[in-house]
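Contents: one structure, followed by commentary.
Throughout, read-outs are computed from the coordinates displayed, never taken from laboratory work. None of the values given here were measured: they were computed from a predicted structure.
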Amino acid sequence: MAIDTPVTPDAVTDLSAREMRRSVMGRLGLRLGVVVGWLAFVGVWYALSRFVLGTQQLPPPHTVASEAWQLASGPGFGSTLWASLFRVIAGCVLALTASIVLGTVIAYSAWWRDLMGSLTRFFISIPTVALAILALILFGVSGLGPILTAALVATPYLMTSVAQGIAGVDRRLIVMSESFARTRAQIITGVLLPSSVLAVIGGSRQAFALAWRITLLTEVFASSDGVGYQIKRSFEGYDLRGMLAWTALFIGLMFIFENLVFRQLERRAFGGAYVSATTAAPAQ
């Protein structure tokens, strides 16, 4: 018959220390895995450049890094990068505005849910290249085409996230709000949207990733500035180093922006979303 080990303060301290060490080792292992993954990627790149494709068809990483440094330190780099970043942000803001309205509607209307579901499947199935060319046809060479195309691509994902977040709200909060004579608008702004903020942020990360990709592609066809336009110029001059350098710089900026902004939003949302939702109803 097994004898249970008595729970003592020393045993609890030892257990806490082991759990802390395990947590630290887990985080170190995760970071080491990321480093190893990047080293493997660079190694494969070098191998393809040296032994398979050749340096003319695929410049090695150090050559691309040197070109990227020259571009980043050259004139006009900031304005080029900002033009693309502004279009991505503007497209996401338009998509979020439309998604809040549409997501709220389809969360409570079966008819609108079926209609928007069909339209969403239709828009998702359209090739991104076709959208970029369509933007060129409709808006010509301007900054409006990339913005609207980014908004069009991001809206279905954001709209779905808003609808799912609102549908998952605890109905007891709504009943409590109604018992305190809250209006429908107050319930939406004070309970539904704050309670669904985590789902919205999750959808926003995916929508943002899609938006900057379609923005870059649309700039290739329908813009006279921005990173996509610079990539097209490099392609026309058969400057593979310039193409890869501009692409790497823009992707790096988007990853930095995505991780800094969305991670901070997620941390704030975890601490504030449920507090806002639970305190909105009883307040008078």
### Hz values of 3J(HN,Hα) by residue in the range 138-153 - Karplus curve (6.51, -1.76, 1.60), Gly and Pro given as x
7, 10, x, 7, 7, x, 6, x, x, 5, 5, 5, 4, 5, 5, 6
### Gain upon complete extension [ALA65, PHE41; 0.36 nm per residue less C-alpha separation]
7.2 nm
## Note on the structure
tail above 14 Å in the computed P(r) of the range 117-164, as % of all Cα-Cα pairs, reads 53
### Query
For the range 15-167, what mean projected area does the convex hull of the alpha carbons give, in nm²?
16.1
### Task
Return the sequence-ordered ³J(HN,Hα) values of the range 126-131 in whole Hz as given by the Karplus equation 6.51 cos²θ - 1.76 cosθ + 1.60 applied to θ = phi - 60°, using x for Gly and Pro.
6, x, 5, 5, 5, 5
### Message
If you split all Cα-Cα distances of the range 81-136 into 5 Å bins from zero, what percentages do you get per bin, shortest first?
### Response
4, 15, 15, 23, 20, 12, 7, 2, 0
